[in-house]
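The values are calculated or read from the model by the stated rules, or taken from the named source; none is laboratory data. Everything quoted here is computed from the prediction, not taken from an experiment. Note that each Cβ is placed from the backbone with ideal geometry, even for glycine, and that neighbours are counted across all protein chains shown. For the accessible areas, the whole protein counts, side chains as well, though only heavy atoms, and no ligand, DNA or RNA atoms are used. Shrake-Rupley method; radii C 1.70, N 1.55, O 1.52, S 1.80 Å.
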Amino acid sequence: MGFSDIFLIILQSKIILFFASALIFFSFLNINLWISSKLKDSKDNFVPFKIKLLISLIFSLIVGAASSSKWLIVQQYLNQVPFAINDPIFLKDVSFYIFSLPFFLAVWNFAMACVIITTILVLLDYLQSWLLNLKQTSAQYGTNEPVPNASLNFKAMLSELKRKATVHLAILGSLIFMMLAIKHYLARFSIMYSQKGIVVGAGYTDVVTYLPIIKAMMVAAIIVALLFLIWIFYLSKNPKLKKRHILAFAICIYFLFAFIGPSFIPGVVQSLKVAPNEMNLEKPYIENNIKFTRLAYNLADVEEKDFSVEMGITPEVLENASKTIDNVRILDWRPLTKTYKQTQEIRLYYDLSGIDIDRYDINGRYTQVMIAPRELDQTQIMQNAKTWVNLHMVYTHGFGIVMSPVNTVTKEGLPKFFIKDIPPIYTEDEESLKVSRPQIYYGEKYSDFILVNTKTDEFDYPKGNTNEYMNYDGKGGVRLDSFIKKVLMAIRFGDIKILLSSDVTSDSKIMFMRNIKQRISRITPFLELDEDPYLVVHDGRLVWIQDAYTVSGNFPYSEKYGQINYIRNSAKIVIDAYDGDITYYITDTKDPLIMTYGKIFPKQFKLLESMPDSLRKHIRYPVDLFKIQSSIYNTYHMNDPTVFYNKEDAWQIPYEIYGVGQQVQVEPYYIIMKLPDNSREEFVLMSTFTPIKKDNMIAWMAARSDNDNYGKLILYKFPKDKLIYGPLQIEAKFDQDSEISEQLTLWSQQGSQVTRGNLLIIPIDNSILYIEPLYIQAETGQLPELKRVLVSDGVRVVMEKDLASALKALFGELKKKQDTKPAETEDKSIDELIQQANRYYLQILDSMDQQNWTGIGDNLNNLGNVLKVLDEDAE
């Protein structure tokens, strides 16, 4: 696939770490075991040194395997890119916390494991004869009888340790406490993630109390380590020295202080000093937390603007916002999934559950669409047809896509398709929608391997009562052109039929790891993937776009979201649905994490500028990232530490009534709209906010996706002295309307299920428009149909059969911009006039399907003008 460098760099890193750590551990342990063996009497060496070597080797392999898993931490440390941001306490670059500190802790863990395991094994080596005597004594008296003079066992054990052995163990003990001193030094930096105060990060108690205590413990550990060495010195001068109690006393004091100091003393200071004066003492630390949390979640550059709501929507305002109105998503993807499945899956083994939202230029219009791949679901194949040949050679791929606009339905309430059926039928004459390679070998549903280019033809698609078949001619898969490859693949998948099948030839290929997320994760396990990859039609091929994130949990002073406190959408990954080819594009060159990965794996990632323009038009701001940022911004939009401390202006994501009456949190939604003070419509992802524990709206945020504006966030704040209805309040107005309530009750009594779609809140000029689709599904049916649209301007509510009628009922005659032009009849031949008349006739039929009365009238007028000219020419 072209990523052998990534594979080899990871493998090389693991091998080097494995052997280096295993060798260091093996050497350190065996040097000490050799010393312990030499210092003992030969009669006390019951375990041969070869056995000790074997034990050392086993432990070394375990330690080496554990160390090899730290390859990424080591590579990040060696190739780190600075953040150019210093923390306010230790004045260290953020890269120290992201890259260096995890490396130092990993080295410390390895070194401490070496010393601890070595100390235990050396002690056991010195006590061989004592352990043997203890075992013999226990066997003599039985397991259920007390051993006589058990209190003397510990003294017997100490007497077993000769002076030289004691010196050896004391040196190892000194090493342990030196390691503890290093640990305390590194522990100082943990206050940058402290959660003991009012915010995450170092607070007053951490800086004033905890840091001095940790420094004191570091000094204490060094003192104990030196006492071990001093005790060894005096022991060598006076072999009869018995005063071990001084050293034991120092060790006890250290561990007592370690138990009480870091937890008890800061707790007392927090309760008695900080709590009564919390705001004054914590203010500078709250400011640090606000600043660094915004930086970590890429919220520092959110552009905030005031949005003065005037409720001034008129027919003229709607006409100026026609592109926004034309792209209002009245089709909700959840009910639409059922419709797609019922009308377009064609066969049981196809699956259309993965509906995505994108935009295309269709006949000169910037159009928002729903798009779903028709993937193959082998679990739905009839049980008696689930043969090995069918599962691995015949039913190998999905076929084509389904596409429909987000705002248009037929008179039956079903979506009007741009692309439908098998083979695909295109209802729009737009070249960018044409798919020349509709086969989907790599997608979201596939898990098992398949064999292509075998003697068995692959099922391509159903055609009436017959089927069409094909042979794969793409670049995907591994060619099985040798016996050894067949053997290896048979072992890899535990399936000997790969080796035995006579249908497999030297031209055959085996495809595996066809789930695109698993495929990406196998190549780049260090990237976190978005939950929703989406399909794009690009140059006649189907390609997936997968958003990828760089994340960390070690950003100083940053609020946690689950296990992370830093995130960037730094990569877009493009996967060919036919060949499985993968291309990585860096979208955020300011992210030190992705640039560090670029240094670790050179020439594996391309810059976004190298992505084809026709594909770049389809990148979109990811929903998962926007949800995280919105959740954080609920609190971290507050700049003033006092307001933040009191949570005076805390927000929340609002709730809505969805489905059959459930109260759910509002999901962010994509929309094509003209942002305030902008001259053109663009594709944005937006969400709204309400004050915490209240239902009125306070602000809305938009994430931009088009061209050079990609990734920019804009927050529009509503006036705090004006009531702007939130989703639940508008839902209540809908329910309180007598006509709407009566109609909903009537449908329910007739056995139909009424499903409420997403409530869309759409800024229009300086006003707000609320739109909610209603779906009706028969009690015994599986096909939800869009039957009504609820619309409100915040004061009045209406319910009509379609959006145009609802807007007309609410605001008066809507002069919606049409695709119709005045009939141009001058200097045209009779044949040209007949073709023009036929075109207007087809446009009339199309407008009738959409219940677009204005379009019908305009096209009738044009048709009349053409017929009049034809009549004059005939005379």
Review point. Checking residue 671 against (1) in a strand (DSSP E or B); (2) open to solvent by 10 Å² or more (accessible area, probe 1.4 Å), which single condition isn't satisfied?
Key: (2)
**Study point:** Unmet requirement for residue 647, which otherwise passes all of (1) of a type in the set (Lys, Arg); (2) at pLDDT below 95; (3) within 23 Å of the chain's Cα centre (by Cα)
**Key:** (3)
Exercise for review: Given the conditions (1) at pLDDT 90 or above; (2) open to solvent by 30 Å² or more (accessible area, probe 1.4 Å), report the number of the one that residue 320 does not fulfil.
Suggested key: (1)
Review point. Which of the residues belonging to the stretch 379-409 are closer than 13 Å to residue 351 by Cα and buried (at least 19 other Cβ atoms within 10 Å of the Cβ)?
Key: 397, 398, 399, 400, 401, 402
Review point. From the residues in the stretch 502-520 that are among the polar types (S, T, N, Q) and either more than 20 Å from the chain's Cα centre (by Cα) or open to solvent by less than 50 Å² (accessible area, probe 1.4 Å) (or both), which one is farthest from residue 596 (Cα to Cα)?
Key: 502
**Study point:** Unmet requirement for residue 499, which otherwise passes all of (1) open to solvent by less than 30 Å² (accessible area, probe 1.4 Å); (2) in contact with a Lys or Arg (Cβ under 7 Å, 6 or more places away or on another chain); (3) over 23 Å from residue 538 (Cβ atoms)
**Key:** (1)
Check your understanding: What's the number of the condition residue 633 fails, among (1) part of a loop (DSSP other than H, G, I, E, B); (2) of a type in the set (Ser, Thr, Tyr); (3) within 16 Å of residue 565 (Cβ to Cβ)?
Key -> (1)
Practice item. Answer yes or no: is there a residue in the stretch 752-760 that is in contact (Cβ under 8 Å) with a residue 24 or more places away in the chain, over 34 Å from the mean Cα position of the chain (by Cα) and outside any helix (DSSP H, G or I). Key: yes
Practice item. Only residues that are of a type outside the set (Phe, Trp, Tyr), within 21 Å of residue 77 (Cα to Cα) and open to solvent by less than 10 Å² (accessible area, probe 1.4 Å): list them for the stretch 548-557, please. Key: 550, 556
Check your understanding: Any idea which of 57, 29 is in contact with a Phe, Trp or Tyr (Cβ under 9 Å, 6 or more places away or on another chain) and in contact (Cβ under 8 Å) with a residue 40 or more places away in the chain?
Key -> 29
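Residues checked against (1) more than 21 Å from residue 709 (Cα to Cα); (2) in contact with a His (Cβ under 7 Å, 6 or more places away or on another chain); (3) of a type outside the set (A, V, I, L, M):
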| site | (1), (2), (3) |
| --- | --- |
| 566 | yes, no, yes |
| 573 | no, no, no |
| 588 | no, no, yes |
| 609 | no, no, yes |
| 616 | no, no, yes |
| 624 | no, no, yes |
| 633 | no, no, yes |
| 649 | yes, no, yes |
Point to revise | Verdict on residue 354 being surrounded by fewer than 22 Cβ atoms within 10 Å (Cβ to Cβ), among the small types (Gly, Ala, Ser), at pLDDT below 95 and touching a Phe, Trp or Tyr at 6+ places or on another chain (Cβ under 9 Å) | key: yes
Review point. Does residue 436 qualify as being within 31 Å of the chain's Cα centre (by Cα), open to solvent by 40 Å² or more (accessible area, probe 1.4 Å) and modelled with pLDDT under 95?
Key: no
Check your understanding: Name the helices (runs of 4 or more DSSP H) wholly within the stretch 448-540 that hold at least 3 residues that are in contact with a helix residue (DSSP H, G or I) (Cβ under 9 Å, 6 or more places away or on another chain)?
Key -> 483-493, 497-500
Exercise for review: Return only the number of the condition from (1) of a type outside the set (Val, Ile, Thr); (2) touching a residue at least 60 places away in the same chain (Cβ under 8 Å); (3) within 30 Å of residue 553 (Cβ to Cβ) that residue 170 does not satisfy.
Suggested key: (3)
Point to revise | Hits in the stretch 641-668 - residues which are open to solvent by 60 Å² or more (accessible area, probe 1.4 Å), farther than 24 Å from residue 723 by Cα and either assigned to a loop (DSSP other than H, G, I, E, B) or among the basic types (Lys, Arg) (or both) | key: 660
Exercise for review: Kindly indicate whether any position in the stretch 722-736 is open to solvent by less than 30 Å² (accessible area, probe 1.4 Å) and farther than 17 Å from residue 658 by Cα.
Suggested key: yes
Practice item. Considering only the stretch 669-693, state which residues are within 21 Å of residue 726 (Cβ to Cβ), touching a residue at least 40 places away in the same chain (Cβ under 8 Å) and not hydrophobic (A, V, I, L, M, F, W, C). Key: 669, 670, 676, 687, 688, 691, 693
Review point. Among the listed residues 332, 326, which satisfies the condition of being farther than 30 Å from residue 200 by Cα, in contact with a Gly (Cβ under 6 Å, 6 or more places away or on another chain) and crowded, with 17+ Cβ neighbours inside 10 Å?
Key: 332
Review point. Which members of the stretch 578-609 meet the condition of being assigned to a helix (DSSP H, G or I) and within 22 Å of residue 79 (Cβ to Cβ)?
Key: 592, 593, 594, 595, 596, 597, 598, 599, 600, 608
Exercise for review: Any residue in the stretch 65-93 that's under 18 Å from residue 598 (Cα atoms): show its pairings with residues that are of a type outside the set (Ser, Thr, Tyr) and surrounded by fewer than 15 Cβ atoms within 10 Å (Cβ to Cβ) at Cβ separation under 6 Å, as long as the two are six or more apart or on different chains.
Suggested key: 79/599
